[in-house]
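The structure under discussion appears below in the form of structure tokens.
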Amino acid sequence: MIRVLLVEDSITVRKVVTERLHAAGIEVVGEAADGGEALEMTHLLHPDVILMDVVMPTMDGLEATRRIMSEIPTPIIILSAHSSNDEVFKTYDALACGALEVCAKPIGHGPEVEDDWRIILSTIRAAKLVATPRFMGRVLSRPVDRKPVAPSVKLEEKGMKDLVIAIGASTGGPAAVAKILSVFPKDYPYPIIVAIHCSRHLKKSSAKWFSRHCRMAVRDVTDGERLDSVGGTVLIVPPAREVSVVNNITVLSESSDMLNCAPSINRLFMSIAESRGNSVVGVILTGMGDDGVEGLLRIRESGGITIAQDRETSVIYGMPGVAAERGAARYVLSIEKIAEYLLSLPMSFALTKNSMGV
């Protein structure tokens, strides 16, 4: 049986969550009303998974996550009502500090709330399987200076036009993407478009949060943008939206996916492969399931470069593992090597063009 520590200052919410978890065969071994109690009870009870509220008195969920991941790393799932900008930013900060995933706090009744419960239960079961040492990494509070290095894999860019980088991620994705973006200089020449599975309840995009970890311009992708005119910009697919690339132009639409599989990484990857051919670098990062694998394979078949995060640095080796197994990923690299590889592309691409007399 999975042993869960529930951290929530509302007695009513604790009662509802405890009853639902018990009905699903999940044991609540302890209840804490603030982050300080959560830290003490984690040391005492050694739960398999922690469900953590963000906004609490005395010690909030962000500080509790920092302390727990520093002292006794344990899979943490953030339960958030996403009720304010401050809460949303604290949620992303908690993910950067090592929290595994964020789920919507189930409030009320109805089909959408039942979907929220299904997501919570599946995330708890997945979290139980996570090896805690993978949570030890930290996202730097500021972008880092890093000189371009020669890639550890051979580039084959013959015939490639200006590149576009497409990144897809799910569970553990915000921290992984932030680590990659933190190495890029302000004048990195290629556009980067990022799709990370996130709760449909998020009212604010993560773009402003990512901008604190990146020197490049970071903003939401908008409808009708030409990718060859946004070099040096990180485009984030906003919550509850989908993006496709048609004739090198972004097409933004509402997502019909009621679960946490939006935005669709497959839709982004498959459309960008069709539109950009061999001038795409597709990167699939940590996450549950197999979204993005089919699209990554399409990028590879179109002559683009495809990369998957390795098992050792993935929080969940689901999507990248399937990509490697099916041959969609040409290269399987650690999160640090992925960042170094992408950073080296301007230098290596320039050398390739020079050698071709371009």
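The values are calculated or read from the model by the stated rules, or taken from the named source; none is laboratory data. If you're wondering where the values come from, they're calculated on a predicted model, not measured in any experiment. Positions of Cβ are generated from backbone atoms using ideal geometry, with glycine treated the same way; all protein chains shown enter the neighbour counts. Ligands, DNA and RNA are stripped out before the accessible areas are found, and what is left, the full protein with its side chains, is counted by its heavy atoms. Shrake-Rupley method; radii C 1.70, N 1.55, O 1.52, S 1.80 Å.
Got at least one residue in segment 288-310 being at pLDDT below 90 and open to solvent by 30 Å² or more (accessible area, probe 1.4 Å)? Yes, segment 288-310 contains a residue that is at pLDDT below 90 and open to solvent by 30 Å² or more (accessible area, probe 1.4 Å). Within segment 211-229, restricting attention to residues that are without any contact (Cβ under 8 Å) to a residue 60 or more places away in the chain and in contact with a helix residue (DSSP H, G or I) (Cβ under 6 Å, 6 or more places away or on another chain), the residue that is surrounded by the most Cβ atoms within 10 Å (Cβ to Cβ) is V218.
Taken together, the residues in segment 18-40 that are more than 28 Å from the chain's Cα centre (by Cα) and farther than 25 Å from R67 by Cα amount to 4.
Taking segment 138-169 as the search range and keeping residues that are at pLDDT 50 or above and open to solvent by less than 10 Å² (accessible area, probe 1.4 Å), which one is farthest from the chain's Cα centre (by Cα)? Per the criteria, the residue is L163.
Only one of the numbered conditions (1) modelled with pLDDT of 95 or more; (2) open to solvent by less than 60 Å² (accessible area, probe 1.4 Å) is not met by E274, and that is (2). Yes or no: segment 52-61 includes at least one residue that is modelled with pLDDT of 95 or more and under 18 Å from V17 (Cα atoms). Looking through segment 52-61, at least one residue is modelled with pLDDT of 95 or more and under 18 Å from V17 (Cα atoms). With the structure loaded, tell me whether L235 is modelled with pLDDT of 95 or more, part of a helix (DSSP H, G or I) and surrounded by 19 or more Cβ atoms within 10 Å (Cβ to Cβ) or whether it fails that test. For L235, the condition - modelled with pLDDT of 95 or more, part of a helix (DSSP H, G or I) and surrounded by 19 or more Cβ atoms within 10 Å (Cβ to Cβ) - is not met. Applying the condition of being open to solvent by 50 Å² or more (accessible area, probe 1.4 Å) and not in a loop (DSSP other than H, G, I, E, B) to segment 91-124 and asking which residue is farthest from D48 (Cα to Cα) yields P111. Among the residues making up segment 177-190, those that are out of contact with any Pro (no Cβ under 9 Å at 6 or more places or on another chain) and open to solvent by less than 10 Å² (accessible area, probe 1.4 Å) are V177, A178, I180. Of the residues making up segment 34-85, just one is surrounded by fewer than 19 Cβ atoms within 10 Å (Cβ to Cβ), touching a Gly at 6+ places or on another chain (Cβ under 7 Å) and within 13 Å of L5 (Cβ to Cβ), namely L45.
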